[in-house]
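Notes for the one structure printed next.
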Amino acid sequence: MQRIIILDFGGQYKQLIARRVRECGVYCEIHPYKTPLDKLLAMDPMGIILTGGPASVYDPASPTYGKELFEAGIPVLGICYGSQLMAYRCGGSVETAPVSEYGHTSVKVDRSSALFSDVATEEQPETTVWMSHTDYIAQVPAGFRITAHTDHCPCAAMENAEQKLYAVQFHPEVVHSVEGMKMLRHFVLDVCGCSGDWKMDAFAERTIRELREKIGEDHVLLGLSGGVDSTVAAALLSRAIGDQLTCVFVDHGLMRKDEGDEVERVFGPGSDFHLHFVRVNAQDRFYIRLAGEKDPETKRHIIGEEFIQVFGDEARKIAEDIRGSGRRIRYIAQGTIYPDVVESGDGKTSDVIKSHHNVGGLPVELVRELGFDETPVEPLRMLFKDEVRAVGLQLGIPRELVYRQPFPGPGLAVRIVGNITKDKVRIVQDADYIFREELAKAGVDAQLGQYFAALSNMRSVGVMGDHRTYGLAVVLRAVLTSDFMTAEAAEIPWPVLSRTMNRIINEVPGVNRVLYDITSKPPGTIELE
Ligand code: XMP
């Protein structure tokens, strides 16, 4: 399979570069800058992209790479710090720029460069890019030519086309670089010669084949949460090994309305995924353990602990049943995706920190006791979220499940302020269902990062008909966010909020007030607890 390697020098946009390369239909992986050249070459890359990074090439402590990288005959694109490293290693010089550039910057490009052939126009070869640098290339190495400049940066891009070495001082991977995607596409397709055949149907086919080969006659256990990742992992595994897969879906009673049934409908008896599906209706166990508990962190803790108990009990039973029939569960599977791998292993694709403590949701001690392999099967390990979704659709999972918004592991527990009761869960489920329905009807749901109804712990006085009421207040929350680290409250059209309020008051007993949460994050969080 053709691949591009992204060498990580500590740049904050490494994942974004990887996303963009994948958008070109080319498979890529992020590796740390310390990866030795022989290891890189063994991966047989079609090209290498060097990320940006906060360091200066002359700092002895800076992440660096030897000259041999640029002499290996593999096309290289250096971005920002990566461009300076290329200049420095190939014999040019890098200095502190007299004027550091940050933000949208107009750059004049030489359209005879393979990177810029269709960027801007012949008459006005100028485009907007995103700059963020304090050093710059003061002198280009012998054999290189300058192919772009700005008012303050005499070398905003350089290349040695013969050796297929390209460098850009700006960040083509961020959306603010208006034609950045074109430049990356030119590099990976034209310069590196990739054919752009990384497609999700091919991925699904290949992965199913590989899973079949790896697993053989053994059995696999997967904890299915109903979230996109574990759902797609289940679908892939079921296509690969059918009834050698057992999925355990722990219904903790804190799912959204009808969600547990929907998961069961897709994977349960009679579905066209021929796997063993076990739904553990543990609602009461969770409600009992949570009874009277008000502290958010304790609630989270209880849910985590109880989940392990329930899932562990079930895993033990299933393992024994299967052993009784002369076979064995060898693997536990989990829906780890690429951002989890990059974040937890700092780009070292072989090292998922989480898996040292738990495997697919079970503590490693229990996994050992049950005789399962300690390395989980992770079929989605190299995929980004939108690629996971594409595979899900390929495999016939309904759109509603594939495009679900993120849902926290502890479920509605973090959306019910204070103690949890069955009745409060019912209220929040019904109110949330109405809110989602109204947003979808109005066609505004697709623009939102996350949206839901929550339940405040507030009771207030109201009047309905001729009666005084003393009911609970539902909180509606809808945020715009791209990274979930920061968020803005969304401006939902008033009539939509108004209709939602009316329906909740009329259709959900126990509620007499509806509030809209306009808090951004920070200072608030997205969830209420
Ligand atoms: P906050 O509330 O911290 O949420 O702004 C940010 C994102 O994380 C999700 N979230 C969780 N996800 N377990 C999860 O799997 C949790 O305990 C948890 N708490 C928050 C939240 O839904 C949002 O997408």
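The values are calculated or read from the model by the stated rules, or taken from the named source; none is laboratory data. Source: prediction; values computed, not measured. Glycine also receives a Cβ, built like all others from the backbone with ideal geometry; neighbour counts cover every protein chain displayed. Please note that ligands, DNA and RNA were not included when accessible areas were found on the heavy atoms of the full protein model with its side chains. Shrake-Rupley method; radii C 1.70, N 1.55, O 1.52, S 1.80 Å.
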* Asked: Using a Förster distance of 22 Å, how high is the FRET efficiency between T134 and A61, based on the Cβ-Cβ distance and rounded to 0.05?
  -> 0.85
* Asked: Which of the lysines could a cross-linker span from K424 if the Cα-Cα distance has to be under 30 Å and same-chain partners fewer than 8 positions apart are dropped?
  -> K257, K294, K299, K441, K521
* Asked: Label points 7 Å out from Cα along the Cβ direction at A442 and T486: separation in nm?
  -> 2.6
* Can you work out the accessible area per residue across the chain, with the rest of the protein chains kept in place, probe 1.4 Å, in square angstrom? => 43
* **Whole-angstrom gap from the range 140-168 to the range 430-485, using each part's C-alpha centre** => 54
* Which of rounded, prolate, oblate describes the range 3-191, given a ≥ b ≥ c as roots of the alpha-carbon gyration tensor eigenvalues and a/c under 1.5 marking rounded, otherwise prolate only if a/b is larger than b/c? -> rounded
* To do: Report the antiparallel proportion of the DSSP beta bridges in the range 424-521 as a percent, rounded to a multiple of 5.
  => 75
* Express the carbon and sulfur contribution to the solvent-accessible surface of the chain as a percent, rounded to the nearest whole number, probe 1.4 angstrom. => 51
* **Contact order relative to length of the chain, as percent, for alpha carbon pairs under 8 angstrom and 6 or more apart** => 10
* Asked: Net charge near K294, counting Lys/Arg +1 and Asp/Glu -1 over other residues with Cβ under 13 Å of its Cβ?
  -> -1
* So, in Å, what gap is there between the alpha-carbon centers of the range 503-521 and the range 256-330? -> 31
* Alpha carbon centroid spacing (whole Å) that separates the range 180-224 from the range 6-44 -> 15
* Asked: Local charge sum around V21 (other residues, Cβ-Cβ under 10 Å, Lys/Arg +1, Asp/Glu -1)?
  -> +2
* Asked: About its Cα centre, what dipole magnitude does the range 3-191 give when the only charges are +1 on Lys and Arg Cβ and -1 on Asp and Glu Cβ, stated in debye to the nearest 20?
  -> 460
* Asked: What is the magnitude of the charge dipole of the range 203-402 about its Cα centre, with +1 placed on the Cβ of each Lys and Arg, -1 on the Cβ of each Asp and Glu, and no other charges, expressed in debye to the nearest 20?
  -> 240
* Structure fact -> Which residues qualify? For F277, with a placed amide H closer than 5 Å and at least 5 residues away or on another chain, they are C247
* What dipole magnitude, in Debye to the nearest 20, does the chain give about its Cα centre under +1 on Lys/Arg Cβ and -1 on Asp/Glu Cβ? -> 900
* Structure fact -> Per the rule of 0.36 nm per residue minus the C-alpha distance, extending R468 to E162 adds in nm 101.9 nm
* Asked: Among N506, L40, G52, which residue has its Cα positioned farthest towards the positive end of the charge dipole of the chain, with +1 placed on the Cβ of Lys and Arg, -1 on the Cβ of Asp and Glu, and the dipole taken about the Cα centre?
  -> N506
* To do: Answer rounded, prolate or oblate for the chain, using the Cα gyration tensor with square roots of eigenvalues a ≥ b ≥ c: rounded when a/c is under 1.5, else prolate when a/b is larger than b/c, else oblate.
  => oblate
* Classify the range 203-402 as rounded, prolate or oblate, taking a ≥ b ≥ c as the square roots of the eigenvalues of its Cα gyration tensor: rounded when a/c is under 1.5, otherwise prolate if a/b is larger than b/c and oblate if not. => rounded
* To do: State, to one decimal in nm, how far the label point of Y287 lies from the label point of D386, with both points 7 Å from Cα in the Cβ direction.
  => 4.2
